[in-house]
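The values are calculated or read from the model by the stated rules, or taken from the named source; none is laboratory data. As the structure is a computational prediction, the values presented were derived from the model and not from experiment. Every residue, glycine among them, receives a Cβ derived from its backbone with ideal geometry; neighbour counts consider all protein chains shown.
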Amino acid sequence: MRRLLRTARRRAVGALLAGLVAVAPAAAEPLPPLGDWPAIEAAARGQAVHWYAWGGETHINDYIAWVGEVVSERYGINLVQVKVADTAEAVARVLAETVAGKTDGGAVDLVWINGENFVAMKDNGLLLAEPWAEALPNRALVDLSRYGAPILTDFAVPVDGQQSPWGRAQLVYLYDEGKTPQPPRSLEELIRFAAAHPGRFTYPQPPNFLGTSFLKQILLDTVPDPARLQEPAGADAEALVRNALLPVLERLHPHLWRSGKAFPQGVAELRRLFADGEILLALTFNPSDAQTAIRAGTLPPTTRVTTFADGSLGNVHFVAIPANANAKAGALVVANVLLSPEAQARKADPAIWGDPTVLDIDGLPGETRALFAGEAAVDAPTLSEPHASWTEIIETVWAEEYLK
């Protein structure tokens, strides 16, 4: 079953390998030294940067298009968003090229990434090895005092400067305070809420990232020692996950939408169920989603977000540069622009996207700091992601129990 969970990804790699011809790789221009930023900007001019990024939300795609306009006007870079349904598609592309001997001139120049996809690329030597993220001029603006742990380690794996932080996420849920004036603020309250409102709560089917994140949240609340989840999974991992996760799901599933016999396939379906009133709570990884949806007219003005009072799962998402990227200089410039106050403030604006910033807002000049006034805040601590090695085990245990 564990292997079946990754079948789609293996097939993607196989298809790409079959489509590649063993030819001498195109020679990309040498990357100037990381400390010579003017030379990097000069080398980036005229390059086409192919950014593989999840394309499932129109407002995110619109934001990326705006970034493209900025880097075109200021640096002469042609930014091309390659929309993917799963970041694993980009990982598969780079892996397939590398296996076929294409160690330069690759198709992927920049990838929106974090978690197990980052770990897979890092472990297989598929990322630009130099600590380039720490050399970006705008790196000095990043708030390492507040967000240092999830920026320097991704799913408890050291980043080593091989990816640059772009935004933050925290697991919360949407609710309509007109229908649900007192939403649950703990796991036990959520189970009681589901029992009192049969069919009005659900979560996406793992391995969808939001569904898996919900399972991780349960584990953080139920394992005897949450610190164990920050360590690589060992021989006892499957038993630990079963003992902590399944008793909760056995209590919860009978009260879920469709009695826990079927699950939404992703964020879009979950959001539709909430908007249509079929469910009363909808998980999301963006605390600004309520404000953004209200502004867009897709959810009522009484929509709010909340989460467990003792804390909820959170992480940082990044951009990374493959080792065989064709436009490395251009990718570096784009990554640096993404960390500029202008780009971070626009991204944090709920009217644009509402994705929380990674910058040290307090350290910015007053007029720049004011640009972040609309950023949503969560009234609960952020809990660190488990080590990446736990993800597959969690998904496997769930699948063996509920995909029969």
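Some notes on this structure:
- Filtered residues of region 136-165 (kept if among the small types (Gly, Ala, Ser), surrounded by fewer than 18 Cβ atoms within 10 Å (Cβ to Cβ) and touching a residue at least 60 places away in the same chain (Cβ under 8 Å)): Ser145, Ala149
- Helices (runs of 4 or more DSSP H) lying entirely in region 311-404 (those with 2 or more residues that are in contact with a Phe, Trp or Tyr (Cβ under 9 Å, 6 or more places away or on another chain)): 328-338, 341-348, 389-402
- Residues in region 275-306 that are more than 15 Å from Val378 (Cβ to Cβ) and in a loop (DSSP other than H, G, I, E, B): Asp276, Gly277, Glu278, Ile279, Leu280, Leu281, Gly297, Thr298, Leu299, Pro300, Pro301, Thr302.
- Region 70-99, subset more than 18 Å from Asn326 (Cβ to Cβ) and among the basic types (Lys, Arg), residue surrounded by the most Cβ atoms within 10 Å (Cβ to Cβ): Lys83
- Residue list for region 124-158, filter: of a type in the set (Val, Ile, Thr) and over 22 Å from Ser312 (Cβ atoms): Val142
- Test set (1) at pLDDT below 95; (2) crowded, with 21+ Cβ neighbours inside 10 Å - Asn208 fails condition number: (2)
- Ala196 buried (at least 19 other Cβ atoms within 10 Å of the Cβ) and either at positive phi or of a type in the set (A, V, I, L, M, F, W, C) (or both): no
- Only one of Ala107, Ala100, Ala88 that is touching a residue at least 40 places away in the same chain (Cβ under 8 Å) and under 26 Å from Asn286 (Cβ atoms): Ala88
- Those helices (runs of 4 or more DSSP H) of region 164-274 in which 1 or more residues are closer than 18 Å to Leu403 by Cβ, in contact with a His (Cβ under 7 Å, 6 or more places away or on another chain) and basic (Lys, Arg) are absent.
- Residue in region 316-332 that is among the basic types (Lys, Arg) and surrounded by fewer than 17 Cβ atoms within 10 Å (Cβ to Cβ) present: no
- Answer from Val82, Val67, Val108 - the residue that is of a type in the set (A, V, I, L, M) and part of a loop (DSSP other than H, G, I, E, B): Val108
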